[in-house]
Amino acid sequence: MREKRIIAAGLPKDTNWGDPLLFECCKRLYARTLLRHGWAVGFTDCNLRPVGTGWANVAHVVFAVTRRVKDRLPGFMTRLALKTGIAIQKRAYAPLFRTTSPDAVIVAGGGVIHFKVHAYLQSISALMLLCKERGIPMIVNSVGIEEYDTEDIFFKFYRPYLNDPVIKAFTTRDSFDSLSRDIICTPGIYTRLLPDNAILSKSLIGVGRDNNSRTIGVGIIRPNIFDDYQDVDGAPYLVRFYQKIIERLERDNRPYELFSNGTENDMLLIPLLEKAVGRRLCVRQARGVEDLMRVVSGYKGIITARMHAAIVAYSMGIPAVALNWCRKIERFFAIIGSPGLVLPPPMRKALTRRLRASCVSFLEWLTMAEGTTTRYATVWKRR
C-alpha cells in the first residue's frame, strides 16, 4: 500500500479538549478517506501554539507586543515586526520538515484564522513559506474565521500569505461569505463551507450517549471571556447568569451537574460563583478527548458556553443551548438550523434587567431543543 506523510497542524496539546478533539477527528477523517483510495497515512503533529522551544517563545512575544502597540506604530514598523515573528516561527518549524519530509501539510481546523487575539496566523504563515520552499501542498481545513476588520493592518498583512498558490484548499466552518468575499481571492484555491470535523466525533471517536440520563449539564467558561471578545466587563454577568440557572434548576428539582471542557482558566469562575451561591460547588472537569465525550454523553441536555461541547452534543443527538460570546457559536447554531437556541451576548447596559428573562428562556429553550438534532442531522450532507 502506498504511504503519505502528512504534518497535521492545530492545537493538539490544549487542555480545552475541544481543540484536541477536532484535531483528532480531522486526522481520523483524512486517514479513513485516503485509505479508501489506497493510501496509508502517517501523521506528525505540529502545534500552532508551540511551547517549550526558544524560537517559538520569542515569536509569540514579538506578536503579543506588536498587537498591543500596533495602533501607535508606523505601518512599516508593524509589518517589519510581523515579518520578524514569521521568520522566527519558520525557524522553529524547520527541523520538523527536515526530519519528516512531509508530502503535505494540513491545518486541522479550529478558530485559528484570528486577527485580533491569537498568534495562529503567524504560525500558519510560517508553515506556508516552508511548504512553498519545498513544493509541498497545503490544505487549510474547516477553520474558524474570527474577529477581523478588513481595514486593520494585521488583516492586510496576513491576507497575501493566505492567498499563496501553495495553499490548494481553504475551507471554513463559519461563513463562506466572509471567506470568499474578504479573505481568499486566488482563483486556484478551492473554497467551501464545511463542518467542524468534531461533528463526526461520535463515529470517529466511538463514544455514544447515555439514553437513560436525566441530568442537565451546565458548562462553565472563564470569567473574562467577554472582556476579550466583546469589550464588556462580563464577569458579573456570568456569575449572576450561572447563579440564576442553578437556582432555577434546583427550584424545579431537576438534577444537574457543572462541567468544564478541561481548561483551568474556566475553573476561575468557580470561586466567584461559590461566593454568590454561598456554598461549595462540584465541577466535572474533562481530562482528555474521550473523557470530554464521555462527560457530554452522560447528560440529557446541556447549557453551555463552549462551542465544542455543543458540537459533541449535536453529534450524539443531545439537545443543547449556548451562551453566545463569539459569532462562531451563533454561526454553528444557524448552520444546523437552530438559531433560536443561542442567547445573545450581554450589551454594555441593561445586563441586570435582561438576566432574569435570559435564564428562564434558557431552560425553556432546552426543553424546546429536544428532537432538533435529529431533524437537522442531514444539514451538512446537503452542503
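The values are calculated or read from the model by the stated rules, or taken from the named source; none is laboratory data. Computed from a prediction, not measured in an experiment: that's the story for all the values here. All Cβ positions, even for glycine, are placed from backbone atoms using ideal geometry, and neighbour counts span all protein chains on display. These accessible areas exclude ligands, DNA and RNA; they are computed on the full protein's heavy atoms, side chains included. Shrake-Rupley method; radii C 1.70, N 1.55, O 1.52, S 1.80 Å.
Below are the figures for this structure:
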| item | result |
| --- | --- |
| Test result for I145, open to solvent by less than 70 Å² (accessible area, probe 1.4 Å) and either in contact with an Asp or Glu (Cβ under 6 Å, 6 or more places away or on another chain) or closer than 17 Å to V107 by Cβ (or both) | yes |
| Residue ranges of helices (runs of 4 or more DSSP H) in the stretch 256-349 with at least 1 members out of contact with any helix residue (DSSP H, G or I) (no Cβ under 9 Å at 6 or more places or on another chain) and of a type in the set (G, A, S) | 327-335 |
| Residue within the stretch 137-144 that is over 23 Å from the mean Cα position of the chain (by Cα) and free of Cβ contacts under 8 Å to residues at least 40 places away in the same chain present | yes |
| Those residues of the stretch 257-288 which are touching a Ser or Thr at 6+ places or on another chain (Cβ under 9 Å), open to solvent by 30 Å² or more (accessible area, probe 1.4 Å) and at pLDDT 95 or above, in sequence order | E257, M267, V283, R284 |
| The stretch 20-44 - residue that is open to solvent by 30 Å² or more (accessible area, probe 1.4 Å), of a type outside the set (K, R) and out of contact with any helix residue (DSSP H, G or I) (no Cβ under 6 Å at 6 or more places or on another chain) and, of those, nearest to Y120 (Cα to Cα) | Y30 |
| Qualifying positions in the stretch 121-134 - open to solvent by 10 Å² or more (accessible area, probe 1.4 Å) and touching a residue at least 24 places away in the same chain (Cβ under 8 Å) | L129, K132, R134 |
| Extreme residue, nearest to A31 (Cα to Cα), among residues of the stretch 170-199 that are among the polar types (S, T, N, Q) and either within 16 Å of the chain's Cα centre (by Cα) or buried (at least 21 other Cβ atoms within 10 Å of the Cβ) (or both) | N197 |
| First in the stretch 308-325 and closer than 24 Å to V239 by Cβ, second anywhere and part of a strand (DSSP E or B) and among the aromatic types (F, W, Y), Cβ under 8 Å, 6 or more apart | A309/F259 |
| Residue list for the stretch 199-226, filter: β-branched (V, I, T), within 25 Å of C326 (Cβ to Cβ) and modelled with pLDDT of 90 or more | I199, I205, I216, V218, I220, I221 |
| Test: H118 is open to solvent by 20 Å² or more (accessible area, probe 1.4 Å), modelled with pLDDT under 90 and closer than 29 Å to E290 by Cα | yes |
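Yes/no matrix, rows are residues, columns are (1) open to solvent by 40 Å² or more (accessible area, probe 1.4 Å); (2) without any contact (Cβ under 8 Å) to a residue 24 or more places away in the chain:
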site	(1), (2)
R67	yes, no
P74	yes, yes
M77	yes, yes
I88	no, no
A94	no, no
P102	no, no
I106	no, no
G109	no, no
V112	no, no
